[in-house]
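First comes the structure, then the notes that go with it.
The values are calculated or read from the model by the stated rules, or taken from the named source; none is laboratory data. Here the structure is a predicted model, which means the values were calculated and not measured. Quick reminder, even Gly has a Cβ in these numbers, built from the backbone with ideal geometry, and neighbours come from all protein chains shown.
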Amino acid sequence: MPDADQLEQPRESIELVVRYQRLNAFFADYVKNISRGGTFVATAEPLPPDTEFVFSLGVPQMEEPIQLRAKVMWVTSPDEASNANPAGMGIQFQYRDAEERGRLERQIEELLVDQLGPRHADFMLGRAARQ
């Protein structure tokens, strides 16, 4: 059980903002990482494993960034990093329920369809092309 000093300390929320300058960089990351429920954030100052925070994902074509709750699953420190394994942290998105997960996945999918068209979006999402 935490002592009295720990209980009196204010808790600060953490928000990690990731902005893509080029839409094609977002698409590449979406296909590799985000569509699987998480992503890798390259940083020389990774958060400790098990840290929970808000992940804000923004791209130029969106009015507001997508807000996702996330948890640090693993870390590669700058001391351990290499060209093949850069410094950063692997994060997993945390959803309240299946409805929230579906809503956020649809939001990202709509962005893909809007920017690439349905045929290319289907290809990137690994689905059969629409007729």
Extreme residue, surrounded by the fewest Cβ atoms within 10 Å (Cβ to Cβ), among residues of the range 83-108 that are among the aliphatic types (A, V, I, L, M) and over 16 Å from M73 (Cα atoms): A84
Answer yes or no: is there a residue in the range 95-107 that is at pLDDT 85 or above, over 22 Å from R19 (Cβ atoms), more than 15 Å from the chain's Cα centre (by Cα) and in a loop (DSSP other than H, G, I, E, B). yes
Scan the range 48-93 for residues that are without any contact (Cβ under 8 Å) to a residue 40 or more places away in the chain and polar (S, T, N, Q) and jot them down. T51, Q67, T76, S77, S82, N83, N85
If E12 meets every condition in (1) at pLDDT 85 or above; (2) assigned to a loop (DSSP other than H, G, I, E, B) apart from one, which number is that one? (1)
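In this structure, is L68 in a helix (DSSP H, G or I), surrounded by 16 or more Cβ atoms within 10 Å (Cβ to Cβ), modelled with pLDDT of 80 or more and of a type in the set (A, V, I, L, M, F, W, C)? Quick ask: steps written out before the conclusion?
Values: in a helix (DSSP H, G or I): no; surrounded by 16 or more Cβ atoms within 10 Å (Cβ to Cβ): yes; modelled with pLDDT of 80 or more: yes; of a type in the set (A, V, I, L, M, F, W, C): yes.
Against the criterion (in a helix (DSSP H, G or I), surrounded by 16 or more Cβ atoms within 10 Å (Cβ to Cβ), modelled with pLDDT of 80 or more and of a type in the set (A, V, I, L, M, F, W, C)), L68 does not qualify.
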